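Here the structure is laid out as C-alpha cells; the discussion comes afterwards.
The values are calculated or read from the model by the stated rules, or taken from the named source; none is laboratory data. Since the model is a prediction, treat every value here as computed from it, not as a measurement. Heads up, the Cβs are rebuilt from the backbone with ideal geometry, glycines too, and the neighbour counts pull from every protein chain shown. These area figures cover heavy atoms from the full protein model, side chains too; ligands, DNA and RNA do not enter into them. Shrake-Rupley method; radii C 1.70, N 1.55, O 1.52, S 1.80 Å.
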Amino acid sequence: MAVFFLPSSSQCLFLALMLFLTNISAQSQQLSRTNFTCPVDSPPSCETYVTYIAQSPNFLSLTNISNLFDISSLSISKASNIDEDSKLIPNQVLLVPVTCGCTENRSFANISYSIKTDDYYKLISATLFQNLTNYLEMEDANPSLNPNLLPLDAKVVVPLFCRCPSKNQLNKGIKYLITYVWKANDNVTLVSSKFGASQGDMLTENNFTASANLPIVIPVTNLPKLDQPSSSGSISSSKNLPGIIGISLGSVFFIVVLTLSLVYVYCLKIKRLNRSTSLAETA
C-alpha cells in the first residue's frame with residue numbers, strides 16, 4: 001500500500017519561495033548574457049559608443065535622439081558619418097557617444113531620464129532605449145523609487161550596458177567596445193563586416209546562444225565609418241540638385257536635337273521626291 005505524505009504549509013511556502021528565487025535568477029541571467037563586469041586592468045572610465053536604431057514616429061530626428069541621451073546632435077552625427085541636419089530613415093544605425101564607468105564592479109553609462117505619463121521601466125528600457133538596458137538594472141539603479149508607481153517628471157538613472165577595453169585589449173589595438181543589441185536575423189559575419197570588427201574577437205567577448213534583443217560588445221580598433229544612405233539628408237539632396245538639373249537639361253536638349261534632325265531628314269526626303277516627280281513630268 002502506497003503512502004503519500006502531504007507537505008505542510010511551511011514546506012509549501014518554502015518551495016514556493018525557492019521557485020520564485022530560481023525564476024528571478026534565471027530571468028536575470030537571460031536578460032544579460034554578455035559579461036559587463038569591470039575588467040581588473042581596465043581604466044575606471046572611458047569614452048565609448050552604443051548603437052541606436054532610428055525608428056518612427058518619434059526617433060527619426062537627431063534632435064529627439066540627442067535629447068533622449070542628453071548629448072549634442074553634432075556628436076551623434078560625427079560618430080555616425082552623417083550630416084547634422086540629415087533626415088533619418090527607419091532602421092538606420094547610429095553611433096551614440098557615452099561615458100562608461102564602473103558601478104559596483106559593473107560597467108554602465110548612466111543616462112538621466114525624466115519620467116513621462118504612463119512610463120514604466122520595461123517600456124523605458126525595451127522601447128525608448130531599445131534594450132541597451134533592462135528593467136532589473138533600472139530598479140537597482142533607482143532604489144528610492146517604487147517601480148510600480150513612478151512619479152511624473154521624476155529623474156531616474158538609466159544604466160546602459162557598456163565596457164571599457166582591458167589593458168590586454170588596448171595592447172592588441174582595440175580602442176572601443178561598442179554596445180550593440182543583437183537582432184534575430186543578425187549573424188557574426190554580417191555584423192563584424194558592418195563595424196569593421198574581427199569575428200574572432202566578437203566570439204571571444206560574447207555568448208550568442210539565444211541572444212536576440214540582448215546587448216553585446218563589438219571590439220573595434222577604430223571607430224567604424226558606417227555606410228549611410230546617400231539620400232537620408234536634406235544637404236545630400238541639395239548637393240545632388242545641380243547634377244539632377246544638369247542631367248535633366250541634357251536629356252531635354254538631346255530630345256530636341258533628335259526631333260529636329262528627324263524633321264530635317266523627313267523634309268529632305270520630301271524635297272527629293274518632289275524634284276524626281278517634276279523631272280519625270282518634264283521628260
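Summed over the stretch 65-81, the residues that are open to solvent by 20 Å² or more (accessible area, probe 1.4 Å) and touching a residue at least 40 places away in the same chain (Cβ under 8 Å) give a count of 2. Once the stretch 82-97 is narrowed to residues that are assigned to a strand (DSSP E or B) and open to solvent by less than 10 Å² (accessible area, probe 1.4 Å), the residue that is nearest to Leu160 (Cα to Cα) is Val96. Contact map, the stretch 130-146: residues that are at negative phi and crowded, with 18+ Cβ neighbours inside 10 Å paired with residues that are aliphatic (A, V, I, L, M) and part of a helix (DSSP H, G or I), Cβ distance under 7 Å, separation 6+ or inter-chain. Pairs shown: Asn134/Leu31; Met138/Ile124. Residue count for the stretch 76-125, restricted to those that are within 16 Å of Val157 (Cβ to Cβ) and β-branched (Val, Ile, Thr): 6.
If you go through the stretch 39-64 and keep only what is within 24 Å of Ile82 (Cβ to Cβ), among the hydroxyl-bearing types (Ser, Thr, Tyr) and surrounded by 14 or more Cβ atoms within 10 Å (Cβ to Cβ), you end up with Thr48, Tyr49, Thr51, Tyr52, Ser61. Which of the residues that make up the stretch 47-93 are more than 19 Å from Ile124 (Cα to Cα) and hydrophobic (A, V, I, L, M, F, W, C)? Once the filter is applied, which keeps residues that are more than 19 Å from Ile124 (Cα to Cα) and hydrophobic (A, V, I, L, M, F, W, C), the stretch 47-93 yields Leu74, Ile76, Ala79, Ile82, Leu88, Ile89, Val93. Please work out if Asn206 is more than 23 Å from Cys46 (Cα to Cα) and either open to solvent by 10 Å² or more (accessible area, probe 1.4 Å) or of a type outside the set (Ser, Thr, Tyr) (or both). Taking the combined requirement at face value, the residue does not satisfy it. When Lys239, Lys175 are checked against the criterion of being at pLDDT 70 or above, out of contact with any Phe, Trp or Tyr (no Cβ under 7 Å at 6 or more places or on another chain) and not hydroxyl-bearing (Ser, Thr, Tyr), a single residue qualifies: Lys175. Out of all the residues in the stretch 98-119, which are of a type in the set (Ser, Thr, Tyr) and closer than 19 Å to Leu160 by Cβ? Once the filter is applied, which keeps residues that are of a type in the set (Ser, Thr, Tyr) and closer than 19 Å to Leu160 by Cβ, the stretch 98-119 yields Thr99, Thr103, Ser107, Ser112, Tyr113, Ser114. Sub-7 Å Cβ pairs linking a first residue in the stretch 201-219 that is closer than 15 Å to Thr37 by Cα to a second residue that is in a strand (DSSP E or B) and aliphatic (A, V, I, L, M), at least 6 apart or interchain, are Glu205/Val217; Asn206/Ile216; Asn206/Val217; Pro215/Val181; Val217/Leu177; Val217/Ile178, ordered by first then second residue.
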